[in-house]
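Working notes for the structure below.
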Amino acid sequence: MDYLQITNTVADSLLCYAKDESGWKTCKKTNEVTVCWRPSTEFPGNLYKGDGIINGSPEKVWECLKPVPNGIRVKWDNNVKKLELVETVNVVSFLCRPFLQS
């Protein structure tokens, strides 16, 4: 399977969501973060996006978000019990299996 092509397609979709301001409804807003949602046109359900400013370098923020086994994310994200790395596509794209709290 060509994971790099899939990664590029997903990245393009995410950029389109970020640029398209139509249809988003605010569901939570604080001084630091705004979370919005809208119905998906690709699957039955909703899309969610959060906007905010994080005080840190891109490298440090990425270390906190990077989906790798035994990484920092498992320590701070209470929804993620474990992350299993299935394949590394490139330096910023991973195929992983998250184990979530039920």
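Sort out which residues of the range 1-27 are of a type in the set (Lys, Arg) and at pLDDT 95 or above, and write them in order of number. Give the steps one after another, and end with the answer.
Residues of the range 1-27 of a type in the set (Lys, Arg): 19, 25.
The answer is Lys25, and nothing else.
Hey, does the range 91-102 have a residue that's surrounded by fewer than 14 Cβ atoms within 10 Å (Cβ to Cβ), within 14 Å of the chain's Cα centre (by Cα) and not aromatic (Phe, Trp, Tyr)?
Looking for residues that are surrounded by fewer than 14 Cβ atoms within 10 Å (Cβ to Cβ), within 14 Å of the chain's Cα centre (by Cα) and not aromatic (Phe, Trp, Tyr), one finds at least one in the range 91-102, hence yes.
Of the numbered conditions (1) loosely packed, with under 11 Cβ neighbours inside 10 Å; (2) touching a Phe, Trp or Tyr at 6+ places or on another chain (Cβ under 8 Å), Lys19 satisfies every one except a single condition; which is it?
Every listed condition holds for Lys19 apart from (2).
Can you name the number of the only condition in (1) closer than 30 Å to Gly23 by Cβ; (2) more than 13 Å from the chain's Cα centre (by Cα) that Gly56 fails?
So the condition that Gly56 fails would be (1).
Suppose we filter Glu87, Glu42 for residues that are in the same structural domain as Gln5 (by TED's automatic domain parsing) and exposed (fewer than 12 other Cβ atoms within 10 Å of the Cβ); which single one remains?
Matching residue, one of Glu87, Glu42: Glu42.
Could you tell me how many of the residues in the range 45-84 are loosely packed, with under 10 Cβ neighbours inside 10 Å and of a type in the set (A, V, I, L, M)?
1
For residues that are more than 20 Å from Leu85 (Cβ to Cβ) and hydrophobic (A, V, I, L, M, F, W, C), tally how many sit in the range 3-27.
Of the residues in that region, 6 qualify.
The values are calculated or read from the model by the stated rules, or taken from the named source; none is laboratory data. Keep in mind that what you see is a predicted model, and the values were worked out from it rather than measured. A quick note on method: Cβ atoms are made from the backbone with ideal geometry, for glycine too, and the neighbour counts reach across all protein chains shown.
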